[in-house]
Amino acid sequence: MELFFLGTGAGVPAKLRNVTAIALKLLEERGTIWLFDCGEATQHQILHTSIKPSRIENIFITHLHGDHLYGLPGLLASRSFQGGESKVTVYGPPGLKSYVETSLSVSGTYLRYPLDIVEINEGVLFEDDQFIVEARKLEHGIPSYGFRIVEKDRPGTLLVDKLQEAGIKPGPIYKKIKEGESVTLEDGTTLAADDFVGPKQKGRVVTILGDTRMCEAAQNLANEADLLVHEATFANGEEALAFDYYHSTTSQAAEIALRANVKKLCITHISSRYDRQAAEGLLAESCRIFPDTEIAADFKSISIPR
């Protein structure tokens, strides 16, 4: 599992940072990529990476401001032109369906793959045998959501040496025990699965927030997360300005990370008024409160180990 930043700026594209888009690469887990937001020129950013649009499975839009949305119709169209055939599901606030369908319709764009657009509210948006995605509404000028991506726990490692010591040869019994099923042998002996399987491998948790003021919903979504991605549009000391514009400061993002007991924080949505040197100052502000903080940059990658 790897988080890859395609755009990390706020408001408008800049030379140093494109507008928001984040790819969650689940290539080992399911062979796909999930995209969070799709600002203008996201597909141009993808051209400089190894990401294949045909692998994009789900797209989650935090809110309908242009710097998080304007790249979506173009990306969907190009994916079709490039031979993408698998279904894509796009999740986002009410109004998203109208925006996408109108954009594709007036441009005469025909997609060669199934597209499902789901307008969301709070609650569980997605669940299968591997992942759960939950959404909660944040505090912004228009409806803006944060997403909590939870990987389900995986079965523990099969203790092959222990099975062999018990005289059990490789075969269907191994599979049953690996799946947690106890097995009764021909001689009447019962093998309890728990005796031959190691502890469950705890799933990882990633929280990705849209634009927001500091709020309780952000903390709840981030609780005990392995990685929290939180906007930091304003510097420490600009809390009044952040409140007025429905955004957060570096110190507020760090405070949420501290309260939620996350393992790592990454601040993003950086204003174009901050150059590289000034961005280091923003990072230092967050680190004073939450030391394990990184600052996002276009094409930065963060691995989330198991």
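Read-outs throughout are calculated quantities, based only on the coordinates presented, and are distinct from any laboratory measurement. A quick note: this is a predicted structure, and the numbers were derived from the prediction, not measured. Glycine gets a Cβ as well: all are built from the backbone with ideal geometry, and neighbour counts include every protein chain shown.
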| task | Could you please find all residues in region 56-115 being of a type in the set (D, E, K, R) and either within 22 Å of residue 11 (Cβ to Cβ) or not in a loop (DSSP other than H, G, I, E, B) (or both)? | result | 57, 67, 79, 97, 101
| remark: Considering region 49-76, residues that are within 14 Å of residue 104 (Cα to Cα) and of a type in the set (Gly, Ala, Ser), and then whichever is farthest from the chain's Cα centre (by Cα), we arrive at 74
| remark: Just one listed residue, out of 177, 168, 132, 208, is under 27 Å from residue 304 (Cα atoms), touching a Phe, Trp or Tyr at 6+ places or on another chain (Cβ under 9 Å) and surrounded by 17 or more Cβ atoms within 10 Å (Cβ to Cβ), and it is 208
| said: Which condition from (1) under 15 Å from residue 118 (Cβ atoms); (2) crowded, with 22+ Cβ neighbours inside 10 Å; (3) charged (D, E, K, R) is the one that residue 37 breaks? | reply: (1)
| remark: Among 273, 213, the single one that is in a loop (DSSP other than H, G, I, E, B) and out of contact with any helix residue (DSSP H, G or I) (no Cβ under 8 Å at 6 or more places or on another chain) is 273
| said: Would you confirm whether or not region 135-155 contains a residue that is over 30 Å from residue 119 (Cα atoms), out of contact with any Leu (no Cβ under 7 Å at 6 or more places or on another chain) and surrounded by 11 or more Cβ atoms within 10 Å (Cβ to Cβ)? | reply: yes
| task | Go through region 294-306 and give me each residue that's part of a strand (DSSP E or B) and either free of Cβ contacts under 8 Å to residues at least 40 places away in the same chain or not hydroxyl-bearing (Ser, Thr, Tyr) (or both). | result | 294, 295, 302
